[in-house]
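Here the structure comes first, spelled out in structure tokens, and everything after it is commentary.
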Amino acid sequence: MDGAELIERLRREGGFRLLPLLGNTGQVAGVHLARFLPGGHLEVIQAWDERWAVWARMPDAVDPADPFAGPGGGVVRAGSLGRVAAPLLPLQAGELRP
């Protein structure tokens, strides 16, 4: 499965919303996918190409004492897009986890 198919599955089956990921020049450099989970968590995938992506799950809460601080207590995984996305999607017939 190529990156475009995997991104479409993340949108259709995983409930992720898609936005362009902009580089520091303002050009589209990849994709940004995000979804809110029950229980107050946010999952984000940023993929630059099929070889490099990062996934994070973090609490969907702001610390009123420090509203611009990054969220604490999150989980992060990096690697190829297929490796990052595989645990987030249901298995299809004949498909193996990387």
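Numbers for the structure displayed
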read-out: Rounded, prolate or oblate (a/c below 1.5 giving rounded, otherwise prolate when a/b exceeds b/c) for the chain by Cα gyration tensor; value: oblate
read-out: Point-to-point label distance, V75-V62, nm (Cα→Cβ direction, 7 Å offset); value: 2.6 nm
read-out: Within segment 1-45, trypsin sites (Lys or Arg not before Pro) in DSSP loop having at most 12 other beta-carbon neighbours inside 10 Å; value: none
read-out: Per-peptide average of other Cβ atoms within 10 Å, ordering 53-59, 23-29 highest first; value: 53-59, 23-29
read-out: Probe 1.4 Å, all protein chains present, accessible-area order of F68, F36, largest first; value: F68, F36
read-out: Pair E5, F36: separation of 7 Å Cα→Cβ label points (nm); value: 3.3 nm
read-out: On Cα atoms only, tilt of 3-12 relative to the major axis of the chain in degrees; value: 60 degrees
read-out: Extension reserve of the L19-V54 stretch, reckoned as 0.36 nm per residue once the Cα distance is removed; value: 11.1 nm
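The values are calculated or read from the model by the stated rules, or taken from the named source; none is laboratory data. In this text, all values refer to a predicted model and were calculated from it rather than measured experimentally. Neighbour counts run over all protein chains shown; Cβ positions are idealised from the backbone, glycine included. Quick note on the areas: whole protein, heavy atoms, side chains included, nothing else; ligands and nucleic acids left out. Shrake-Rupley method; radii C 1.70, N 1.55, O 1.52, S 1.80 Å.
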